[in-house]
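Take a look at the structure below.
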Amino acid sequence: MKSATQRGGGVILLSFVVALALTIMPLPGTLEALRPEWVIMVLVYWVMALPQRIGVGIAWILGLLLDVVRDALLGQYAIALALIAFIVINLHQRMRVFPIWQQALALALLVILQYILVFWIKGMTGELPSFWKMLLPAVSTLVFWTPVYLVLRQIRRRYQLS
């Protein structure tokens, strides 16, 4: 029998796989700029809910996978996701008691932080992305946070993950 700390690893892994699949799913040109940051939403949820199980190391691995699927400079998303996980781990007790709309705002700020880091790294390599490509995903992530949060919370309760 699995202990409480081992239970549900497959469910958590599956949620990350779904987030990565949604990240690489093709969208029409106009919607591409509005693509939410699915991986960040799922990562932030699990780090807030289970900081003892999901941490900076998992975020780093997810970031490397994101680097590969987005054909980015290896490590740019890894460093950004690791930093986001570090921030959320340090603030998880506060963020848990925030109303969901405040969590969404905090998440939007974390997405902007990720894009600032990526923007900075791309700037050092000579590639300068548009400011709107940085801001629009933060807005769509803010909008999608509530349903993602509610679905993942239901999954966590259903499988008694702790």
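Computed from the coordinates by the stated procedures, all read-outs in this text should not be read as laboratory data. Please read all numbers here as calculations on a predicted model, not as lab measurements. Glycine also receives a Cβ, built like all others from the backbone with ideal geometry; neighbour counts cover every protein chain displayed.
Here segment 70-148 and segment 1-62 have alpha carbon centers that stand 13 Å from each other. For the chain, the mean residue ellipticity at 222 nm estimated from helices alone is -25000 deg cm²/dmol, where every DSSP H run of n ≥ 4 contributes -39500 (n - 2.57) and the total is divided by all residues, rounded to the nearest 500. Given the options Val148, Val11, Val97, which has the most mean-square fluctuation in a GNM of the chain, springs set between C-alpha atoms less than 10 angstrom apart? Looking only at Val148, Val11, Val97, the biggest GNM fluctuation is shown by Val97. Dividing the convex hull volume of the alpha carbon atoms of the chain by its residue count gives 109 Å³ per residue.
Over all distinct alpha-carbon pairs, what is the Kirkwood Rh of segment 63-119 in angstrom? Can you show the working numbers first?
Details: mean 1/r = 0.0832 Å⁻¹.
The answer is 12.0 Å.
Order these peptides, 68-74, 18-24, by their mean beta-carbon neighbour count within 10 angstrom, highest first. All intermediate terms of the calculation are to be shown ahead of the outcome.
Details: 68-74: 12.3, 18-24: 15.6.
Packing order, densest peptide first, comes out as 18-24, 68-74.
Phi angles of segment 78-85 translate, via the Karplus equation with coefficients 6.51, -1.76, 1.60 and θ = phi - 60°, into HN-Hα couplings of 4, 5, 5, 5, 5, 5, 4, 4 Hz per residue; Gly and Pro are given as x.
By the scheme Lys and Arg +1, Asp and Glu -1, what is the net charge of all other residues having a beta-carbon under 14 Å from that of Val148?
Numbers: positive: Arg35, Arg153, Arg156; negative: Glu37.
Spelling it out: positives minus negatives among the neighbours equals +2.
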